[in-house]
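Taking it in order: structure first as structure tokens, then the write-up.
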Protein chains: 2
Amino acid sequence: MEKISSPSNGKIKYAVKIASSAKARRESGLFMLEGARLCEEGVRCGLGIVSLFITPRALELYGDRLAGALETAEESFEITPDIANKISDTVAPQGVFCICRQPENKFSVDLNGKYLALENLQDPSNLGAVSRTAEALGVSGLIISGGCDIFNPKAQRSGMGSLLRLPVIGTDDLPGLIRELRAGDMLTVASVPDQNAAPVTEISFDRGTVCVVGNEGNGLTDAVINACELRGTIPMKGNVESLNAATAASILMWEMTR
Amino acid sequence: MEKISSPSNGKIKYAVKIASSAKARRESGLFMLEGARLCEEGVRCGLGIVSLFITPRALELYGDRLAGALETAEESFEITPDIANKISDTVAPQGVFCICRQPENKFSVDLNGKYLALENLQDPSNLGAVSRTAEALGVSGLIISGGCDIFNPKAQRSGMGSLLRLPVIGTDDLPGLIRELRAGDMLTVASVPDQNAAPVTEISFDRGTVCVVGNEGNGLTDAVINACELRGTIPMKGNVESLNAATAASILMWEMTR
């Protein structure tokens, strides 16, 4: 395995770019997985691994579970702990990173399924947490419009593999997609912090459903709210203005699938 | 207002200590609130403000809403943006901080109420998010045993005031408290990621209830599980081993109060 000891090596600079820049990910079609478990899951999900970077210590600790990754990676490099710290956005990196090809977005919405749509969700940790909850609750898939991309390393880490396993449908025209799904007789619900909207406990989720949750600070756009059949809300007490977006999404998914 | 321009000023060092050390908070009975909104809420909740630190820019922007804090603070200091960055744990601090007296823990459990108990929850952001959800859903209060203290600045910030408004009961003997509440005919439910436990959808929450959620990595201790009347679980699908602790707590609170 070729050794890299300089942080200014071109391969390392490129890895950092893929990890840190949504634009670089979009243009290259690549993304980065960090940590033994996530890299192993990437291989299990059939991702193509372009480059693998690993410290001697990580090779010793995780070599067995990374056998598949080490075998299928087009190129592998031994790196120093300093370089691992440079590539990683965690405090104590395990020391293993895979640059992978983004899986083809081959999913379409099943009109009988239960989906969560996210409009302009910004926080990658929220996106990851939501994906983990979605998989655990048996949600059919996520619909993502704007905001944090699913290939953000923080989102992938916080998703603990759910973003690799769950059907994810990206769209640049969420209102258009919602209108299309409404025409296909899906229930479309805009989640709003408005106590005059329909309480989610009184909505019947007995047909295919899309619940839409908005941005952490600003909620949903009017275009999305107007496209939806229903405005739904989680009844609230106390002095709280709104629930955390990930919490609201969790409760909505729970009600959809319960 | 006295000006402080040196980060090594004793008042600043003490503020940093209160913000960063749980031990210093416990020993002094003080804690720190950061940001205009939280400082304002502290005054509204009747907290005693020992020291207030503010940048000229923050005074200009938030002077009006901080009138109560500026009036009641025992001492106020003008600080530089550099010092604000030193005290703050946010990326872009607003530049206002209050060292406050911890409110007296005067609450006891209402046997007809609905409580969430947290055992050794570590992540302050989780604690804050859970408190915000608890208040929004009308939970009677939180019971806290070990883990992150409620006076952690990150927990306070993520709680957005809920940790100041919500009854919070601390205990060093959670199993003992649970046995006592059981004897008072409360339903006590240990939340476990075990598909053989009672699904929370099948538990009747029609009497006073305590649901207990454990540590992010290790869940509940056996002592707590054994003290509870029931082991309850959120039914899960997919390849997910467990839900995020804050998500599990949110769904449990929702079921308890829905």
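The values are calculated or read from the model by the stated rules, or taken from the named source; none is laboratory data. Predicted model only: the values in this text are computed from it and were never measured. Neighbour counts are summed over all protein chains in view; Cβ atoms, including those assigned to glycine, are modelled from backbone coordinates with ideal geometry. Protein only, heavy atoms only, side chains kept; ligands, DNA and RNA dropped before computing areas. Shrake-Rupley method; radii C 1.70, N 1.55, O 1.52, S 1.80 Å.
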Quiz prompt | Sole exception among (1) within 9 Å of another protein chain (Cβ to nearest Cβ); (2) assigned to a helix (DSSP H, G or I) for A:Arg157, by number | solution = (1)
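This table checks each residue for (1) outside the structural domain of B:Val210 (by TED's automatic domain parsing); (2) in contact with a strand residue (DSSP E or B) (Cβ under 6 Å, 6 or more places away or on another chain); (3) assigned to a helix (DSSP H, G or I); (4) in contact (Cβ under 8 Å) with a residue 12 or more places away in the chain.
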| position | (1), (2), (3), (4) |
| --- | --- |
| B:Leu118 | no, yes, no, yes |
| B:Ala129 | no, no, yes, yes |
| B:Glu135 | no, no, yes, yes |
| B:Val139 | no, yes, no, yes |
| B:Ile143 | no, yes, no, yes |
| B:Leu163 | no, no, yes, yes |
| B:Ile178 | no, yes, yes, yes |
| B:Arg182 | no, yes, yes, yes |
Quiz item: Could you count how many residues in region A:17-68 are closer than 19 Å to B:Asn239 by Cβ and among the hydrophobic types (A, V, I, L, M, F, W, C)?
Solution: 8
Quiz item: Looking at region B:190-204, which of the residues that are within 14 Å of another protein chain (Cβ to nearest Cβ) and either within 17 Å of B:Met253 (Cα to Cα) or assigned to a strand (DSSP E or B) (or both) is most open to solvent (accessible area, probe 1.4 Å)?
Solution: B:Glu202
Quiz item: Among the residues of region B:123-178, which ones are basic (Lys, Arg) and more than 20 Å from A:Asn239 (Cβ to Cβ)?
Solution: B:Lys154
Quiz prompt | Selection within region A:205-250 - more than 20 Å from A:Ser145 (Cα to Cα) and either of a type in the set (A, V, I, L, M, F, W, C) or more than 14 Å from chain B (Cβ to nearest Cβ) (or both) | solution = A:Phe205, A:Asp206, A:Arg207, A:Ile234, A:Met236, A:Val240, A:Leu243
Quiz item: Can you pull out the residues in region B:231-244 that are crowded, with 16+ Cβ neighbours inside 10 Å and at pLDDT 90 or above?
Solution: B:Arg231, B:Gly232, B:Thr233, B:Ile234, B:Met236
Quiz item: Would it be correct to say that A:Glu40 is of a type in the set (Asp, Glu), out of contact with any helix residue (DSSP H, G or I) (no Cβ under 9 Å at 6 or more places or on another chain), in contact (Cβ under 8 Å) with a residue 24 or more places away in the chain and not assigned by TED's automatic domain parsing to the domain that holds A:Gly128?
Solution: no
Quiz item: When you go through A:Ala92, A:Ala15 one by one, which is the residue that is open to solvent by 50 Å² or more (accessible area, probe 1.4 Å) and more than 23 Å from A:Arg165 (Cβ to Cβ)?
Solution: A:Ala92
Exercise. Can you run down the residue pairs with Cβ atoms below 6 Å, 6 or more apart or on separate chains, where the first is in region A:86-112 and under 13 Å from A:Leu52 (Cα atoms) and the partner is in a loop (DSSP other than H, G, I, E, B)?
Key: A:Gly95/A:Thr55; A:Cys100/A:Leu47; A:Arg101/A:Gly48
Quiz item: Of all residues in region A:160-184, which are farther than 14 Å from A:Asn105 by Cβ, within 14 Å of another protein chain (Cβ to nearest Cβ) and open to solvent by less than 40 Å² (accessible area, probe 1.4 Å)?
Solution: A:Gly161, A:Ser162
Quiz item: Mind checking which residues of region A:205-218 are buried (at least 21 other Cβ atoms within 10 Å of the Cβ) and either modelled with pLDDT under 95 or among the polar types (S, T, N, Q) (or both)?
Solution: A:Thr209
Exercise. Please specify each residue of region B:226-258 satisfying the condition of being more than 23 Å from the chain's Cα centre (by Cα) and among the hydrophobic types (A, V, I, L, M, F, W, C).
Key: B:Ala227, B:Cys228, B:Leu230, B:Ile234, B:Met236, B:Val240
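A quick yes/no check of all residues on (1) more than 20 Å from A:Met160 (Cα to Cα); (2) among the polar types (S, T, N, Q); (3) without any contact (Cβ under 8 Å) to a residue 60 or more places away in the chain:
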{"residue": "B:Asp185", "(1), (2), (3)": "yes, no, no"}
{"residue": "B:Ser191", "(1), (2), (3)": "yes, yes, no"}
{"residue": "B:Asp194", "(1), (2), (3)": "no, no, yes"}
{"residue": "B:Glu202", "(1), (2), (3)": "yes, no, yes"}
{"residue": "B:Ile225", "(1), (2), (3)": "yes, no, yes"}
{"residue": "B:Glu229", "(1), (2), (3)": "yes, no, yes"}
{"residue": "B:Asn239", "(1), (2), (3)": "no, yes, yes"}
